[in-house]
């Protein structure tokens, strides 16, 4: 008997004290950065919220103990680093998909404008799904006060700390009129994609000398941890690490999921064992003739191990249990998670790197007549401000290439005209408001209901804990009427008004408030899992084609 595959879940090596930066020096960087953010954050709060000035002042001054601190390792005085964001594909000169090859000439160009001695990231919502605002600073050493002032930086005595924002974002193209007093207090630095003779220009982010108007819409903000690596490092080894110190917030606990213990060549060809890699998803076997079933797809990309936490695993387990408790069969629950698609206690887990498999599976379930009664999607991935889900950095280049991101438009195409009785989208990620708005104006998604946490409904989560505290999701039982359940959860969930009628059922599609009430046996036999359909339905369908 072959033992089951051993999955190693341990803390990532990102967590740890960075010995190359002295504690006092690092704390000085952090406090200086927070102080520079205070005025900008207070002003923005007053502009985009209904909070009072006193409340905005309180939110704009989070305690140091609430901030997770990430800093890049320092190597040598001449060793410069480059920072790349996953959503760098939005730059107009994009290099998506290509491997950066940095020539000697480009290294010289980088050292002048785009490379720095160190990178500092302050995360006010540690442990939450990325897609929330983080604050990115560059540290340059041996810089004169005049040069630092020219960069609109904070002079720390031969060290210059500059705030960074994304380049070529919409807010920079649509500049807003603001008074000179706002410009005086603005410490934002532009991350303009510098035209170079190579593919690295648009994927990197760099500080410039121009003042940027306040990014009211948040599109210029940084929402992810950048990939920080040495300019001469062809392997792009991540140097940005979380600092585990008592003065700062506790570092999140990343998941390290070990790759399969044996390569494909070592697997027995005549045996289907758990020691071998997962077989490709056989979507064509999901729908059987004369039968309708409840189906579910769980997507939790994670993007990188450094951004994939213990809570993502717990979220999947919780939602998986919800589905099983409501009669969903394990063969009809497909989970796409991280880079290797392996999780203990869950069946039918596949890698989030296979975007084609995700889309084909959802599309197939939707296109097959009578295949699905309830189709449930659970989305729990890092998300860009346009609603795009980040899946997994399969090629480790730090940029979300086309095959590594799942856009709102692609999801809507896959769900358009879906033949399931109802499609329930449980969204536990940032910027779900984009998907909500698109669905509200769509004529092709009449049977799609978006259920989201209110904290996720708002596009802006800065300064507030954007965590998923929606315990109402975990209490959905087989007898729960979704309409009553979410109607009572005011302040927790948001459901679009036109689709409210679709929620007058249980998760498995049983009618609410049946008279007499359905017994447990009737619920299991007639609504949960799979039910056989009369052949007349299929006969009518066949005749309709002629």
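Is it fair to say residue 229 is under 30 Å from residue 126 (Cβ atoms), assigned by TED's automatic domain parsing to the domain that holds residue 85, surrounded by 15 or more Cβ atoms within 10 Å (Cβ to Cβ) and modelled with pLDDT of 85 or more? It is true that residue 229 is under 30 Å from residue 126 (Cβ atoms), assigned by TED's automatic domain parsing to the domain that holds residue 85, surrounded by 15 or more Cβ atoms within 10 Å (Cβ to Cβ) and modelled with pLDDT of 85 or more.
In the set 502, 518, 483, which member is at pLDDT 85 or above, closer than 21 Å to residue 442 by Cβ and either assigned by TED's automatic domain parsing to the domain that holds residue 328 or not in a strand (DSSP E or B) (or both)?
502
The single condition among (1) at pLDDT 90 or above; (2) part of a loop (DSSP other than H, G, I, E, B); (3) under 30 Å from residue 479 (Cα atoms) that residue 336 does not satisfy is (2). When residue 436 is tested against (1) in contact with a strand residue (DSSP E or B) (Cβ under 6 Å, 6 or more places away or on another chain); (2) buried (at least 22 other Cβ atoms within 10 Å of the Cβ), exactly one condition is not met: (2).
Selection of region 386-407 for residues being under 24 Å from residue 316 (Cα atoms) and crowded, with 21+ Cβ neighbours inside 10 Å yields 387, 388, 389, 390, 391, 392, 393, 400, 404, 405, 406. Counting only residues that are in contact (Cβ under 8 Å) with a residue 60 or more places away in the chain and within 17 Å of the chain's Cα centre (by Cα), region 352-373 holds 2 of them. For region 5-18, indicate whether the set of residues that are loosely packed, with under 15 Cβ neighbours inside 10 Å and at pLDDT 80 or above is non-empty. The answer is no; no qualifying residue exists.
Scanning region 279-306 for residues that are surrounded by fewer than 21 Cβ atoms within 10 Å (Cβ to Cβ), in contact (Cβ under 8 Å) with a residue 12 or more places away in the chain and not in a loop (DSSP other than H, G, I, E, B) gives 283, 284, 291, 297, 305. Quick check on region 66-87. Is at least one of its residues more than 28 Å from the chain's Cα centre (by Cα), outside any helix (DSSP H, G or I) and modelled with pLDDT of 90 or more? Within region 66-87, one or more residues are more than 28 Å from the chain's Cα centre (by Cα), outside any helix (DSSP H, G or I) and modelled with pLDDT of 90 or more.
The values are calculated or read from the model by the stated rules, or taken from the named source; none is laboratory data. Only a predicted model underlies this, so the values are computations on that prediction, with no experimental measurement involved. Using ideal geometry, Cβ is built from the backbone for each residue, glycine included, and neighbour counts are taken over all protein chains shown.
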